[in-house]
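Colleague: Pasting in a structure now, in structure tokens, and then I'll have a few things to ask.
What follows is calculated from the coordinates using simple rules that are stated; it is not laboratory data. Keep in mind that this is a model prediction, so the values were computed, not measured. Backbone-built Cβ (ideal geometry, glycine too); neighbour counts: all protein chains shown.
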Amino acid sequence: MTRLVDTLKTPIIVALALIFLLLIVGEMLSPGFASPTQIMRLLIVAALLGIVAAGQNLVILGGREGIDLSVGGVVSLSAIIAGNLMNGQDAGIPLAILGCVATGALIGLINGVGVTLMRIPPLVMTLGMLGVLQGLLVVIRQGIPSGRAAPGLSQFVTQPFLLGLPGIIWLWVLIGLFLAFLLSRTVYGHRIYAIGSNEQAARMAGVPVAAIRISLFALSGVFAAIAGICLIGYSGSSFANVGEQYMLPSIIAVVFGGTSLAGGKGGYTGTMAGAMMLTVLQGILTTVNIDESGRQMIFGATLLLLMLFYGRGKAMRA
Amino acid sequence: MMVDAVATPPRRPGGIKRFIEAYPFLPALIIMLVLLALNGIWQPRSVSLVGITGLIKTYMALMLLAVAQTYVVYAGDIDLSAGAIVSLVNVVIVAVMASLGDSGVSVLAAMAIGLGAGLACGIVNGIVVAAFRLQAIVATFATSIFFTGLALWVMPVAGTPAPATFWRTYGGRILDVPFVFWAAALLAVILYLLARTRHALQLLAVGDDAQGAYQSGLPVTAIRIRGYAMCGVFAALAAFCITGDTASGDPLVGGKMTLYSIAAVVLGGTALAGGYGTVVGSVFGALIIGLINSLVYFVGTPSEWQNLVQGLAILVALVAGILIGRRARA
């Protein structure tokens, strides 16, 4: 019985229950909110956030105050690069994927090198990188049209592909399975938890701490880049700073998924639930007929309320 | 003799090292002076009285917000809502002045209400983070959304002008000295007095070792709430300056300032982990950001490249500051 209660209290169960609850609330506030087409639309939006949060999740798991504030910049940059490389042609898709993933990996690599070899705190390094990326966006946009998504890509993101679900949702599921396998069944995954929970002990045990942490930041860049490509497929064309909306929500999705910001504890399955929960909440607020100010106040207050369910710190004890 | 050959005298830290350890803002001061000199070389007028007045007038708000952020960072916390508080106080005082009319009394009443609003926001943050024990990064992001909503409720669209009394005073002179210099001098006195109170020391003690501070009898939760409260008040002061500079209300004016305030704190030599730093350094950090921005302009960078060069320069300054500071303390 206690085990059952413990299972029910795991963040992922709480998150799934809250998603269900939010869907009911949404359906009551505006009938049709929980219809299959609406839920699929929410899933697409959640997948975009969830893919960004995958990288964020890995960096946070790796510990030492791991955080990646540059993901928003990478998403924007990747969307623009992908748009320009494809320019509306399906033939350009492979090149766009290659170019974006390489860019994301390079940016993440630089972050990782700064954090490990130069021992810059992750928050500072990725904050500085965000500034650089925002500048880069301005340079790339000059004169050049910001590019268009290829029809094939748009179809992948928005049209049913298999069992009525679009390709991006299958991609998200694949990423989820891949990360679940990586984190629980591979040496690499176990080493991530090891450096996240006790870096000193991991180093003594022969874990190549620096290499792993650099790879985590690189992966974060890659996931953000993939999200950027999908984002331009979703919106058709890219506009300035489309990625900014993912920076802090990606962290919140991770926290709602039960991963501790201190590192070494958590996983990606919960984060997927967290991303869905955030998206459903935002979906409700956009369908309800209130003005922007009320929407933001309710959103902020609800986030605080939900946080009370998760990862509260321990009380001080003498 | 044998013993002498083996026993080396205890290594005394070098003079410069000890100096930087005692004054963590020194690297920032040096970087700032170098940038000031470079500005002067490329544009001699930028280091004239008019040029410096303009620089301070524009970056006074960021200086104050960096100070605000520092008090929170002292205790090992962070405030991602600082910019949203600036926005909220900006629209609140503009709305109050718009309804009370253009007079000295109206300005003073608006400022009192603005300070109260900033303080209230700070206390909310403090309670949420310290009393409810939520993670500072995500919790203050949530409150920033709430504060932005409040600001939008007070003033849905930007553009309500501030009364002339307000911005004429901010941009004007008193006894032939620009008002912003008086404000800077007053800020210096306030910061000096605050540094001598136990508040700053207690925040640093909590940031250095919260458990130790608790065990030695410090009211850790109350101290952290007080740090956020001080942050809210200084964010309100920053909002006054931005209102004086832009002469209007804008519910989103402060949003972009949050991350710059954190960058300024780091540039100033304060450790984000808490327990080590100075507010003076953060003021220098804010000026470094301002001087980098103006230098990039003065050297004739093409306009579309300016943001990139600024971003790169700030990243380099952040990294250099941390490396120098660490070497000095190692």
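Colleague: Any idea which of B:Thr169, B:Leu64, B:Ala98 is furthest toward the positive side of the dipole for region B:24-329, if Lys and Arg beta-carbons carry +1 and Asp and Glu beta-carbons -1?
Modeller: It is B:Leu64, whose Cα lies furthest towards the positive end.
Colleague: Report, by chain and number, residues whose modeled amide H sits under 5 Å from the one on A:Asn87, excluding near sequence neighbours (fewer than 5 apart, same chain).
Modeller: The answer is A:Arg148.
Colleague: Here's another thing I want to ask about it. Quick one: what do you get for region B:152-294 if you divide its Cα Rg by 2.2 N^0.38 Å?
Modeller: 1.22
Colleague: Right, another one. What number results when the radius of gyration of the protein assembly as shown, computed over Cα atoms, is divided by 2.2 N^0.38 Å?
Modeller: Working it through for the protein assembly as shown, the quotient is 0.98.
Colleague: Now, a different point. Average partner chain C-beta neighbours within 10 Å, per residue of B:300-308?
Modeller: Mean shielding count: 4.
Colleague: While we're on this one: Please list A:280-287, A:76-83 highest first by mean number of surrounding beta-carbon atoms within 10 Å per residue.
Modeller: A:76-83, A:280-287
Colleague: Turning to a different aspect of this structure: Would you compute, from DSSP H runs of 4+ residues alone, the mean residue ellipticity of the protein assembly as shown at 222 nm, taking -39500 (n - 2.57) per run and dividing by the full residue count, rounded to the nearest 500?
Modeller: -24500 deg cm²/dmol
Colleague: What does the structure give for A:54-66 when I average, per residue, the other chain Cβ atoms found within 10 Å of the residue Cβ?
Modeller: 0
Colleague: Choose one of A:Tyr268, A:Ile232, A:Ser154: the residue whose Cα lies farthest towards the positive end of the charge dipole of region A:51-307 (beta-carbon charges +1 Lys, Arg; -1 Asp, Glu; about the Cα centre).
Modeller: Comparing the listed Cα positions along the dipole, A:Tyr268 ranks first.
Colleague: Right, next: Whose amide H sits under 5 Å from the amide H of A:Thr259, counting only residues 5 or more places off or on another chain, with H placed in the peptide plane?
Modeller: A:Gly267
Colleague: When a footprinting reagent is the concern and you count Cβ atoms within 10 Å, what order do B:Tyr297, B:Tyr260 take, fewest first?
Modeller: Least to most surrounded, the residues fall as B:Tyr297, B:Tyr260.
Colleague: Could you give the size of the charge dipole of chain B about its Cα centre, using +1 on the Cβ of each K and R and -1 on the Cβ of each D and E, expressed in debye and rounded to the nearest 20?
Modeller: Once rounded to the nearest 20, the dipole reads 640 debye.
Colleague: What are the residues whose amide H is under 5 Å from the amide H of B:Arg173, where those residues sit 5 or more places off or on another chain and H is modelled from the backbone?
Modeller: B:Phe179
Colleague: Please report, in Å, the Rg and the Dmax of region A:1-140, where both are computed over Cα atoms only.
Modeller: 19.8, 60
Colleague: Take the alpha-carbon positions of chain B, form their convex hull, and give its projected area averaged over all directions (one quarter of the hull surface) in nm².
Modeller: 21.2
Colleague: Identify the residues of region B:84-119 with backbone N under 15 Å of a label point that sits 7 angstrom from the Cα of B:Ala164 along the Cα-to-Cβ direction, or state none.
Modeller: Flagged as within label range: B:101-104.
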